[in-house]
Amino acid sequence: MRKEDLETVIGLEVHVELATKSKIFCSCSTEFGAPPNTHVCPICLGLPGVLPVLNKKALEYAVRAALALNCEIAPFSKFDRKNYFYPDLPKAYQISQYDQPLAYGGYVDIEVNGEKRRIRIKRVHLEEDAGKLLHAGDDIAGAATSLVDFNRSGVPLIEIVSEPDIRSPEEARLYLMKLKTILEYLGVSDCKMEEGSLRCDANLSVRPRGAKELGTKTEIKNMNSFRAVFKGLEYEERRQKEALAAGEEIVQETRHWDENRSVTVSMRGKEEAHDYRYFPDPDLVPLIIDRAWVEEIRRSLPELPDARRERFQREYGLPAYDAEVLTASRTLADFYDECVRLFPDPKAVSNFVMSEVLRLLNAEGKDIVDTPLTPQHLAKLLGLVKEGTISGKIAKDVFEEVFKTGRDPAEIVKERGLVQISDEGELARIVDEVLAANPAVVADYRGGKEKAFTFLVGQVMKATRGKANPALVNKLLKEKLS
Amino acid sequence: MKISMAEVEHVARLARLELTPEEKEKFTHQLNDILEFAAKLQAIDTEGVPPTSHVLNLKNVWREDEVHDWLTQEEALANAPAAADGCFQVPRIIEE
């Protein structure tokens, strides 16, 4: 089998922590980063004799996410116990959902090389997160130990399982980005991969192109960033294709992505452990969700990324690319919408946001809401350019200060004396001076050297410290040189 | 329905139980007796009866999303056989 004749099949299991205040089955805080074992109680520590009670908000968020992912909400669903031993799981079972998940049968559309691809979603279910294992060094006695912090134990999760519809690591990355964007729009999770509030496991197999049956799959874990998902899957895809091309067989197993070495490594001994002996949790009664409530949640869904992108193209006349970039995060899209409301020139706002605003946001790794910049600032700044008070170039300098300090752009312009020189008499005088100081260049221009003109414009700008009205400078120079 | 000794060993391993050869023998018999007894239920006609997952006639029990503190770190760790740095201390898990 040649490598070129093989196609890749990927399915993703994405775990998302829901942004509730309290845990899924108890009233402990879900706050991230607290000192270890300070948000715990008998329920999430798995002490005997306790009774878990479902957090209604967690259920609502799960329904909200499932609806946005075009799923059906099950008329009947229940919680099950998934039994296994691990020190981060104090009850020795995880409360999850097995054969009757909350929601099923949805999809997410992604765009790959300008083409729409639909990734079907098999199911969305609710479950609890486990605690966190910290691997400490050897202690004084020389015995190696691990430390367990149960603050995360019982934080609500949804697991979103895709069908094996993904055909490349790049599609996997795009699908994951799309999920993240949708969930952020919904406000059901902060989706921070670096804090573990969005985690992704993948199943990957390869098969002869066009084959109906799936090849033997491996499960890849520990991909903790979008880049790791892409790199890990790319590695695993290559490994499997090379193995098959060499006539070897793929072993069904769990593999661990090793970020430092950029390889996936087999985790032996896990194969036989996949016997979780699920059974219904007798402590948690079934969910028979009121359809009216589901419809109420459906009506409360915000405008989702795809719809918003289309609206930006339609309503603001933006190119597809601009609309895509501006709607990639809800906060940025909100910011843009508000700017356009205040300064109704969509293209001018888009140009400035896509160049200057995003440049500084990316440089500082910040979200727009974490900066002092407001839509009012940007609208005012663009207004100053439009009415000719400052040049576009000066606007960029002023913007940097607004972005850092949140000060009023007009005030900065006034204080730093940046008001554009549009007084024709004053500019004419400066132009004359520049021409007089550069006779050789003037001669060059008259001799047909076009570039000499640009130099002269630059000299006028220099003389005015960038404040000269560029259109006026051009006009005056042309007049005087003709 | 017959359960084999291999299955008893498998279930024992999943439950982290160490059984002697005599116990394996004994539990294989006992489990078979239990399963045989339960098999009598199969004789009942359940046509049109929905499966029961819960015996309580309750549904949709939930609480509001409110935070209440419960234990301090000290209290949480009070019964831990070993603790360090505010954490429960356990033998290192070896990922083979």
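The values are calculated or read from the model by the stated rules, or taken from the named source; none is laboratory data. Computed from a prediction, not measured in an experiment: that's the story for all the values here. Cβ coordinates were reconstructed from backbone atoms using ideal geometry, including for glycine residues, and neighbour counts include every protein chain displayed.
So the values come out like this:
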item: Residues of region A:317-330 satisfying the condition of being more than 15 Å from A:LYS178 (Cα to Cα) and in contact (Cβ under 8 Å) with a residue 12 or more places away in the chain; result: A:GLY317, A:LEU318, A:ASP322
item: Selected residue [more than 13 Å from the chain's Cα centre (by Cα) and of a type outside the set (Phe, Trp, Tyr)] from A:GLU184, A:GLU213; result: A:GLU213
item: Criterion violated by B:LEU41 - all others in (1) farther than 24 Å from A:ASP290 by Cα; (2) in a loop (DSSP other than H, G, I, E, B) satisfied; result: (2)
item: Selection count where residues are closer than 21 Å to A:LEU186 by Cα and more than 9 Å from chain B (Cβ to nearest Cβ), scope region A:274-301; result: 11
item: Filter pass, A:VAL385 being in a helix (DSSP H, G or I), of a type outside the set (Gly, Ala, Ser) and in the same structural domain as A:ASP345 (by TED's automatic domain parsing); result: yes
item: Test for B:ALA43: is it of a type outside the set (Asp, Glu), surrounded by 10 or more Cβ atoms within 10 Å (Cβ to Cβ) and more than 7 Å from chain A (Cβ to nearest Cβ); result: no
item: Pairs where the first residue, in region A:105-134, is without any contact (Cβ under 8 Å) to a residue 24 or more places away in the chain and the second is surrounded by fewer than 18 Cβ atoms within 10 Å (Cβ to Cβ) and assigned to a strand (DSSP E or B), C-beta under 9 Å, 6+ apart; result: A:LYS116/A:ASP109
item: Yes/no for A:VAL353 being within 23 Å of A:ARG341 (Cβ to Cβ), in contact with a Cys (Cβ under 9 Å, 6 or more places away or on another chain), surrounded by 13 or more Cβ atoms within 10 Å (Cβ to Cβ) and not hydroxyl-bearing (Ser, Thr, Tyr); result: yes
item: Identity of the residue in region A:63-93, assigned to a strand (DSSP E or B) and within 11 Å of chain B (Cβ to nearest Cβ), that ends up surrounded by the most Cβ atoms within 10 Å (Cβ to Cβ); result: A:ASP80
item: Residues of region B:50-69 satisfying the condition of being more than 7 Å from chain A (Cβ to nearest Cβ) and within 14 Å of A:PRO282 (Cβ to Cβ); result: B:THR52, B:VAL55, B:ASN57
item: When residues of region A:45-62 are limited to those that are farther than 13 Å from A:GLU127 by Cα and more than 7 Å from every other protein chain (Cβ to nearest Cβ), the one surrounded by the most Cβ atoms within 10 Å (Cβ to Cβ); result: A:GLU60
item: So B:ALA84, is it at pLDDT 95 or above and within 14 Å of another protein chain (Cβ to nearest Cβ); result: no
